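Only one structure is covered here, and it is reproduced in the block below.
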Amino acid sequence: LKAIFFRFVQDSDTEIQKLALQGLAHCGDLKYAATYHEEFGKLIDNKTVRHQMRAWPINCDTSLIRPDMRSAVLRLIILLLRPKFLAAYTAKGKKAIKARGGPPSARAMFEYFAGVREDELHVLWDLIIRPLMPTPGIEDGVAEWKTKMVSGRKRKHAEEAPTATDTGNIYDFFYVIRHLEPSEIERTLKKSWMFLELLGDMQDQLVSRLEMYLPNVLLALCFYVTLTSELDTKTGFGRALMQTSKQTRQLVYKRLTATFRRYPTYVYPTTFLKVLPNLITAPLQNLKHQPTGVSPVLTLLAGWSEEAALQQFYYIYPNLLPSLLPMLVHPKLDVSVAHAVVKILVHLTASASEAVVWNPSVEQFSLQQAEEGLAPEPKKRRKLSKEGRARLPKTIGEAVLRPNVELLFSTAYTAVTGSMSKNKKIWARIVDILSQCSAYLPRHAEPDTMMKVVAMFLRFLNTDKLLDTKQAQDAIRVVRHTLPLCTQDFYRPVCQLFRSLQDWDCRSQLCDVLGIAMTRRDQGPDGAEDGEAAKVVAKLVADVRGTAQVIKNHKGLPVYDFQTSLNSMNAVANRMKEATKNPGRPHPSAWHLMPFIFNLMYLITHPELSVRRTASQTTESLLVSIKRLPGREQ
């Protein structure tokens, strides 16, 4: 009889609820029902429920409930408010809430329920959320439920028998849903909207307190994504149901996005990470062919890319970058899609030095920092076997960026020279991305693509597209790694940059560019050049780089030590003078001296008289040496 009363106390009809409550009050072993009969009755009546929720809080600090009865009273309160709570998510219920004297909103009831203690939260979950879940929870035996769902059902072919992969991953529902009847699919979809709306409000109100139930939340979301994806491949369903399926899938992606953002420190189960690629592959392929608007799945990845869990996902889904990059060169690309893709790439390159290591003892991935984007070397140099090298932890850059870096460069070049050429914000982000990824370029990279990239960035550095110094430094860093992969036709344009870039950090990086470019060559830009001349060039570049030496003044601010740099320049000028006196000694060509000359010309305009005087003397000494060169060199 008590079971019947408890069932009818959850009825949507308030009169039936009152009768059921009266029956519970007459049960001799339910003293709490009789003790708080009046308070329970006010929660049932729509006219008094709002006032009663304020006057009878369940918060431990202000609660008027006897401690020995609290657990049972809390359970009955939730059962009494449950029909009003669920009705708030229906069109009819929302209309009733707006009416005068109507029931409270779902948000007001959630704020009321938020007063439960941590050890009482399971009551709220069990009575409100769990009945709406499409699958049993992990602790309720979801694996056994999956086996039961497919056992005894007719299969069209013998090879459709479940494999270990189908049944081993509790987050994988593809095999289960293939055997659902159309009526079961339709019934499940009709309940999905209320569950997803309710879950969103619960995440907003309870925030971190819901973390203990995340495995079950992920379980339900995986089920709904799989169900709606499989429904797209089937026929015989009405247009209305297909539209509901599409809306449900979009809402699931929003809930996943909110989950990743709200719980950044949560260690997601590896079984979930492994099934996630199957949940997003189809939407990504559709977006790849028609990127006309931001899809919820792209928002999901853009939000998740801010968190550490994404690095684990990249190891499991290596085809993510090849799926994202073609969107940037699509002729119908929407700007919002471009921003979302670039945001993912920015966060990925920012974590390029982190290494992801599989820990078999806990069956989880862990992150560790690696130096300079490389796997840590053993203390003693010894030759490792292939298996030994495989066990070394790879960084994100080595595992993800290096295999796709050429595709990234070619795609970025096409994007910024095409439809995205006028978008300065995307330009700046792509410059940052390429500067981080340029170190992973292989020596056998496609020279035509690299030449285009170098030419593009040289134009970028010589035009008004430059937004700030950091972008200039990022662009120079790209040129530094791409220039050695091209022909030497770019040596003179790089030298010309000393005339346009008036920042010492940029000029210093340009010297690095020239140093790397020239020391990796057997021939100079003007023809044959022996190894001794290359050493002179390297020494020249090293001395010019001394211009960027930084000291600190009494306020702790950086100040450039121009005098020390000028002394280095003067020493190089004297060496040049000695080289020209002896025709047998090798000397830098005219174009090799261009960075040196541009730096001197810049220092001649320095505000300090001593710097100007020294720069002028060095220039005069250099001119004497130049006059001794052959006519063409002059």
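Residue count for the range 411-447 satisfying the condition of being hydroxyl-bearing (Ser, Thr, Tyr) and either not in a loop (DSSP other than H, G, I, E, B) or not assigned by TED's automatic domain parsing to the domain that holds GLY397 (or both): 6.
Looking only at the range 80-98, which residues are β-branched (Val, Ile, Thr) and over 17 Å from LEU196 (Cα atoms)? ILE97, the sole residue that qualifies. Could you check, for the range 97-118, whether at least one of its residues is more than 22 Å from HIS51 (Cβ to Cβ) and within 35 Å of the chain's Cα centre (by Cα)? Yes, some residue in the range 97-118 is more than 22 Å from HIS51 (Cβ to Cβ) and within 35 Å of the chain's Cα centre (by Cα). I'd like to know if the range 83-96 contains one or more residues that are surrounded by fewer than 17 Cβ atoms within 10 Å (Cβ to Cβ) and more than 41 Å from the chain's Cα centre (by Cα). Yes: one or more hits.
Yes/no matrix, rows are residues, columns are (1) modelled with pLDDT of 75 or more; (2) touching a strand residue (DSSP E or B) at 6+ places or on another chain (Cβ under 8 Å); (3) surrounded by fewer than 17 Cβ atoms within 10 Å (Cβ to Cβ):
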{"site": "GLU139", "(1), (2), (3)": "yes, no, yes"}
{"site": "VAL150", "(1), (2), (3)": "no, no, no"}
{"site": "LYS156", "(1), (2), (3)": "no, no, yes"}
{"site": "THR163", "(1), (2), (3)": "no, no, yes"}
{"site": "THR167", "(1), (2), (3)": "no, no, yes"}
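Screening ILE97 on (1) in contact with a Ser or Thr (Cβ under 9 Å, 6 or more places away or on another chain); (2) touching a residue at least 24 places away in the same chain (Cβ under 8 Å); (3) more than 25 Å from GLY23 (Cβ to Cβ) shows it passes everything except condition (2). Before we move on, is VAL150 outside the structural domain of THR48 (by TED's automatic domain parsing), under 33 Å from the mean Cα position of the chain (by Cα) and β-branched (Val, Ile, Thr)? Answer is no for this residue.
Of the residues in the range 112-122, at least one is modelled with pLDDT of 85 or more, surrounded by fewer than 16 Cβ atoms within 10 Å (Cβ to Cβ), within 20 Å of LEU196 (Cα to Cα) and not assigned by TED's automatic domain parsing to the domain that holds LEU198. Elements of the type helices (runs of 4 or more DSSP H) sitting completely within the range 236-307 and holding at least 3 residues that are touching a helix residue (DSSP H, G or I) at 6+ places or on another chain (Cβ under 7 Å) and surrounded by fewer than 18 Cβ atoms within 10 Å (Cβ to Cβ): these cover 239-262, 270-289. For the range 39-73, a residue qualifies if it is within 43 Å of the chain's Cα centre (by Cα) and of a type in the set (Asp, Glu), and exactly one does: ASP61.
Figure legend. Inter-residue proximity from the range 284-308: first residues closer than 20 Å to THR259 by Cα, second residues part of a loop (DSSP other than H, G, I, E, B) and charged (D, E, K, R), beta-carbon distance below 8 Å, spacing 6+ or different chains. Indicated pairs: VAL294/ASP334.
Among ARG178, ARG209, which is the only one that is farther than 18 Å from LEU279 by Cα, of a type in the set (Lys, Arg) and in the same structural domain as THR257 (by TED's automatic domain parsing)?
Working: ARG178 fails: farther than 18 Å from LEU279 by Cα.
Just one listed residue meets the conditions, ARG209.
Set side by side, the residues ARG82, ARG107, ARG70 differ, and just one is over 24 Å from ILE16 (Cα atoms) and either in contact with a Phe, Trp or Tyr (Cβ under 8 Å, 6 or more places away or on another chain) or touching a residue at least 60 places away in the same chain (Cβ under 8 Å) (or both), which is ARG107. If you go through the range 14-37 and pick out every residue that is among the acidic types (Asp, Glu) and at pLDDT 90 or above, you end up with 1.
Those helices (runs of 4 or more DSSP H) of the range 12-109 in which 3 or more residues are hydrophobic (A, V, I, L, M, F, W, C) and farther than 22 Å from TRP125 by Cα occupy 14-25, 91-98.
Working only within the range 316-345, note down all residues that are under 12 Å from the mean Cα position of the chain (by Cα) and either surrounded by fewer than 18 Cβ atoms within 10 Å (Cβ to Cβ) or of a type in the set (Lys, Arg) (or both). Of everything in the range 316-345, just one residue is under 12 Å from the mean Cα position of the chain (by Cα) and either surrounded by fewer than 18 Cβ atoms within 10 Å (Cβ to Cβ) or of a type in the set (Lys, Arg) (or both), namely LYS343.
The values are calculated or read from the model by the stated rules, or taken from the named source; none is laboratory data. Quantities reported herein were computed from a predicted structural model and do not represent experimental measurements. In this analysis, Cβ positions are derived from the backbone assuming ideal geometry, glycine residues included, and neighbour counts consider all displayed protein chains.
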